[in-house]
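Right, one structure below, let's go through it.
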Amino acid sequence: MHRRPLIHAFAAAALAALMPPAHAADTGPIKIGLILPMTGQQASTGRQIDAAVKLWQAQNGNKAGGRNVEVILKDDASVPDNTRRLAQELVVNDKVAVLAGFGITPSAMATAPIATQSKTPMVVMAAATSAITEASPFIVRTSFTLPQAAVGLAEWAAKNKIKKVVTLVADYGPGFDAEKYFADRIVLNGGQVLDKLRTPLRAPDFAPVLQKVRDVNPDALFVFLPSGQGAAFMKQFAERGLDKSGIRLIATGDVTDDDQLADMGDVALGVVNSHHYSAAHDSPTNKKFVAAFQAANKFRPNFMAVGGYDGMRVIYNALNASKGATGEALLAAMKGQIFESPRGPVLIDGQTRDIVQDMYIRKVERVGGQLYNVEFDSIKAMKDPGKSK
Ligand code: PHB
């Protein structure tokens, strides 16, 4: 392991070479470096956020704080080394004022030191491990956290005769958060966690873990998988007859993702899950958002789209407040924002820079011939439970 110090030294030198950010004196366009997985396993996240960013600009113009706003989209294929390299190029060569996007936690974590070193606000629109906002004081999040999704669902389970559970999560940051916060709350309420199963982030095979679930035979199986894997999981769940086994399936809303839900079929019906956004959320703001999104795209917006749309709103609001100033002034103007999102009311916490929002308990139902996550309960103004350590 003689390579490590060298690599660290190289990384430090590369970071030190980052140019200081352009500041208020500039009058040219404000550039946003938007890094998304447009190809590869997480491509649906990129497609959703890109569409939402375009919708935001179509509706709100490309000026904020008196300056033109230019979005530079880069595809990292959800490979963290790509994300880091692209972020560095965007800061050094393109002189972006904001880094945004970040489809998965490892991509956000790989970029955090660049945001810190160059004092560039970094808006995390998708990734959802609790600790991300602690990786740089320049990170602001508009998505959600897995502890936010897991705790409310565990409470619901405890109140609905679910005593013995098995957890199944993707084997990386957000999965660890989902597993820990769900399991701890189940135990706190007197329940039992019979097994904790994990599948790899890349190309998971659900057959062996589903066999285990069948053998252990819990009251319920709790699942977190990142957006894009839900349909494949549901298919195998049904193929193995688990939907008829009496084992109740409950999940974070990532699994019953609006991007794929319409094509999941009856296996998804009745799945109780928890999340911050449903395309069926009943508010005038959301109805307008969904109608405009569907008029511009041939697909339904999911929670990733809303994270991207609100991320643009946070950037535009901040630019207007800072009168086009960037760097620390722009970051300061991102903190403490309160607005009505398509998901409901939200706050960007001034202390943690994380999102405070209503979390909903939903059930998959057929509405007008299509499957939707229909909200039936909510926890108001929830902070990230992962921050109270
Ligand atoms: C993440 O990597 O942080 C992530 C990705 C997709 C999700 C949730 C979390 O649906």
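Could you tell me the calculated FRET efficiency between Lys387 and Lys161, based on Cβ-Cβ distance and R0 = 30 angstrom, to the nearest 0.05? The partial results should precede the final answer.
Details: r = 31 Å, r/R0 = 1.04.
Using R0 = 30 Å, I get an efficiency of 0.45.
Take the alpha-carbon positions of the chain, form their convex hull, and give its projected area averaged over all directions (one quarter of the hull surface) in nm². Could you put the intermediate results ahead of the total?
Details: hull surface 75.3 nm².
For the chain, the mean projected area of the Cα convex hull comes to 18.8 nm².
Can you tell me the orientation of helix 207-216 relative to the chain, as the angle in degrees between its alpha-carbon axis and the longest Cα principal axis, to the nearest 10?
With both axes taken from Cα atoms, the answer is about 50 degrees.
When the Cα centres of region 128-169 and region 298-346 are compared, how far apart do they sit, in Å?
Here the two parts' Cα centres lie 22 Å apart.
In Å², what does the accessible area per residue of region 74-143 work out to with a 1.4 Å probe? Please report the intermediate quantities before stating the final value.
Numbers: 1840 Å² over 70 residues.
Spelled out: the 1.4 Å probe surface of region 74-143, per residue, equals 26 Å².
If DNA, RNA and ligands are ignored and the probe is 1.4 Å, what is the ranking of Glu70, Glu155, Glu239 by accessible area, most exposed first? Show your work: numbers first, answer last.
Numbers: Glu70 80, Glu155 50, Glu239 125 Å².
Ranked from most to least accessible, the order is Glu239, Glu70, Glu155.
Per residue of region 70-77, what does 6.51 cos²θ - 1.76 cosθ + 1.60 with θ = phi - 60° give for ³J(HN,Hα)? Whole Hz please, x for Gly and Pro, Karplus curve as stated.
Going residue by residue, I get 10, 9, 10, 8, 10, 9, 9, 6 Hz, with x marking Gly and Pro.
If amide hydrogens are placed 1.01 Å from N in the peptide plane, which non-local residues have theirs closer than 5 Å to the one on Ser378?
Correct list: Ile361.
Could you list which residues have their amide H under 5 Å from that of Thr199, counting only those 5 or more apart in sequence or on another chain, with H placed in the peptide plane?
The answer is Val169, Ala170, Asp171.
Would you calculate the convex hull of the Cα atoms in region 333-377 and tell me its volume per residue in Å³? Intermediate results must be reported in sequence, preceding the final value.
Numbers: hull volume 3.9 nm³, N = 45.
Here the figure is 86 Å³ per residue.
Return the lysines within reach of Lys212: Cα separation strictly under 19 angstrom, same-chain partners fewer than 8 residues apart disregarded; answer none if there are no such residues.
Lys163, Lys164, Lys196, Lys235, Lys244
Just Phe176, Phe376, Phe222 to compare: in a GNM of the chain, with alpha carbon springs under 10 Å, which one fluctuates most?
Phe376
Taking only Cα atoms and a 10 Å spring cutoff, compute GNM fluctuations for the chain and point out the largest among Asp75, Asp310, Asp354.
Among Asp75, Asp310, Asp354, the largest GNM mean-square fluctuation belongs to Asp75.
So which lysines pass the test for Lys380, namely a Cα distance under 21 Å, with those fewer than 8 places away in the same chain ruled out?
Hits, sequence-local ones excluded: Lys159, Lys287, Lys335, Lys363, Lys389.
Give the aspartates and glutamates reachable from Lys95 as a straight Cα distance under 14 Å; neighbours fewer than 8 places away on the same chain don't count.
Within the straight-line cut-off, Lys95 pairs with Asp26, Glu70.
Once you put a point 7 Å from the Cα of Leu188 and another 7 Å from the Cα of Thr116, both along the Cβ direction, what distance in nm separates them?
2.9 nm
With everything on Cα atoms, drop me the angle between helix 146-158 and the longest principal axis of the chain, reported from 0 to 90° to the nearest 10.
20 degrees
Would you mind classifying region 58-115 by shape? Square roots of the alpha carbon gyration tensor eigenvalues, ordered a ≥ b ≥ c; an a/c under 1.5 is rounded, otherwise it is prolate if a/b is larger than b/c and oblate if not.
Details: a/c = 2.44, a/b = 1.81, b/c = 1.34.
Prolate is the answer for region 58-115, as a/c is 1.5 or above and a/b outweighs b/c.
Between helix 173-188 and the chain, what is the angle of the helix's C-alpha long axis to the longest principal axis, kept within 0 to 90° and rounded to the nearest 10?
Helix 173-188 sits roughly 50 degrees off the main axis of the chain.
Just want the answer: with Cβ charges of +1 for Lys and Arg and -1 for Asp and Glu, which residue in Thr83, Leu99, Leu330 is farthest toward the dipole's positive end in the chain?
After comparing all options, I get Leu330.
Please report, as a whole percent, how much of the solvent-accessible surface of the chain comes from carbon and sulfur atoms (probe radius 1.4 Å). Provide the component values of the computation, followed by the final result.
Numbers: 8280 of 15310 Å².
Roughly 54 percent of what the probe reaches on the chain is carbon or sulfur.
The values are calculated or read from the model by the stated rules, or taken from the named source; none is laboratory data. Since we're looking at a predicted model, the values are computed, not measured. FYI the Cβ positions are ideal-geometry reconstructions off the backbone, even for glycines, and counts take in every protein chain you see. These area figures cover heavy atoms from the full protein model, side chains too; ligands, DNA and RNA do not enter into them. Shrake-Rupley method; radii C 1.70, N 1.55, O 1.52, S 1.80 Å.
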